[in-house]
1. Sort through Val115, Val93 and tell me the only one that's over 20 Å from the mean Cα position of the chain (by Cα) and either β-branched (Val, Ile, Thr) or surrounded by 14 or more Cβ atoms within 10 Å (Cβ to Cβ) (or both).
2. Considering every residue within region 66-86, establish whether at least one is among the acidic types (Asp, Glu), assigned to a helix (DSSP H, G or I) and within 26 Å of Leu101 (Cβ to Cβ).
3. Output yes when any residue across region 175-194 is in contact with a Gly (Cβ under 6 Å, 6 or more places away or on another chain), touching a residue at least 60 places away in the same chain (Cβ under 8 Å) and of a type in the set (Phe, Trp, Tyr), and no when none is.
4. Select, from Arg152, Arg205, the only residue that is of a type in the set (Lys, Arg), part of a helix (DSSP H, G or I) and crowded, with 22+ Cβ neighbours inside 10 Å.
5. Can you pull out the residues in region 170-202 that are touching a strand residue (DSSP E or B) at 6+ places or on another chain (Cβ under 9 Å), aromatic (Phe, Trp, Tyr) and either under 19 Å from Gly255 (Cα atoms) or not in a loop (DSSP other than H, G, I, E, B) (or both)?
6. Suppose the filter is in contact (Cβ under 8 Å) with a residue 24 or more places away in the chain, among the hydrophobic types (A, V, I, L, M, F, W, C) and more than 24 Å from Ala145 (Cα to Cα); does Phe69 pass it?
7. Scanning region 115-135 for residues that are hydrophobic (A, V, I, L, M, F, W, C) and assigned to a strand (DSSP E or B), which turns out farthest from Asp218 (Cα to Cα)?
8. Looking at Gly22, Gly100 in this structure, which one is in contact with a Cys (Cβ under 8 Å, 6 or more places away or on another chain), farther than 15 Å from Leu116 by Cβ and surrounded by fewer than 22 Cβ atoms within 10 Å (Cβ to Cβ)?
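The numbers here are math on the coordinates, done by the rules we state, and not lab data. What you see is a predicted model; the values in this text were computed from it and never measured. For neighbour counting, all protein chains shown are included, and Cβ atoms are generated from backbone atoms with ideal geometry for every residue, glycine included.
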Amino acid sequence: MDKMPALFIGHGSPMNTLERNGFTDAWRAFGQHLPRPRALLVISAHWFFGATAVTAMPAPRTIHDFYGFPPQLFEFDYPARGDPELAEEVAEVVKPEWVGLDRDQWGLDHGTWSVLAHMYPEADVPVVQLSINALRPLDYHLALAARLAPLRERGILVVASGNVVHNLRRLQWDQRDLAYDWAERFDDAAIEQLAREPGDVLRLREHEDYDLAVPTPDHFIPLLYAAGLASAAGAPLEPLVRGYAMGSVSMTCYGLGAELAVRKDATCAAPLPAGVPPDQTNM
């Protein structure tokens, strides 16, 4: 394979770290059947702040960026190595855009390790996180993704982690596999747009259900990184996993150059395990 694949993962609740379900089984299949990467570059919805930065420490800490969950989740550690050389590579490849090297502040948040706990349970692949700059417009992220494209030719697996539909105020905690009609409509529209023209993914802002599906941009923006990489490659983003959680969270996952490398049984959909009350979560 000349280029590493790229993924967008609908990560849902942090409780997926500890659970076995159709979604986490699919993530395990990704790790087992995709080419082994030199390292991972992860764009997580949960490093959303006012700068573009990349983790550059040799041993990133496991960040438990939530509250109200069971003690086992706070005890979970994902001891993957960092990759300071890759961090410098990222900063170089996106020039003239600026990316700061974070040597001691962040680490790996649950948008990253809840997924990697299943993809690479041995934590034996180096991991670098790229922040989402909350001060920049959406088209900035699409353009920055295109600048990251050469990393795929250098053995780097880019993993974007968020949710296409993510409305915590509309969650139905007692209905694990519920999907609101508006959530399904928007998810369907995203699949159609990303198959036809991923570079025009921002057309989804015109969809009638956009404001319900994307009340805040943090979980939507990682999708733009996968779309930007697909646009740079002149290829579609293919849905690998479909499903919903508690009405207003889409668990859909996408792949670029990944569909032939993943077993068919990795494209299953299954309900997310029950979470915790909405006033005690950070998904």
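1. Values: Val115 fails: over 20 Å from the mean Cα position of the chain (by Cα).
Checking each option against the conditions leaves just Val93.
2. yes
3. Kept after step one, since they are in contact with a Gly (Cβ under 6 Å, 6 or more places away or on another chain), are these residues of region 175-194: 178, 180.
In the following step, the residues that additionally are touching a residue at least 60 places away in the same chain (Cβ under 8 Å) were identified as 178, 180.
Among the residues that remain, those that are also of a type in the set (Phe, Trp, Tyr) are: 180.
Yes, the conditions are met somewhere in region 175-194.
4. Details: Arg205 fails: crowded, with 22+ Cβ neighbours inside 10 Å.
Step by step, each of Arg152, Arg205 is checked, and only Arg152 is of a type in the set (Lys, Arg), part of a helix (DSSP H, G or I) and crowded, with 22+ Cβ neighbours inside 10 Å.
5. Residue satisfying the conditions is Phe186 alone.
6. Details: in contact (Cβ under 8 Å) with a residue 24 or more places away in the chain: yes; among the hydrophobic types (A, V, I, L, M, F, W, C): yes; more than 24 Å from Ala145 (Cα to Cα): yes.
So Phe69 passes the test.
7. In this case the residue turns out to be Val127.
8. So the residue among Gly22, Gly100 that is in contact with a Cys (Cβ under 8 Å, 6 or more places away or on another chain), farther than 15 Å from Leu116 by Cβ and surrounded by fewer than 22 Cβ atoms within 10 Å (Cβ to Cβ) is Gly22.
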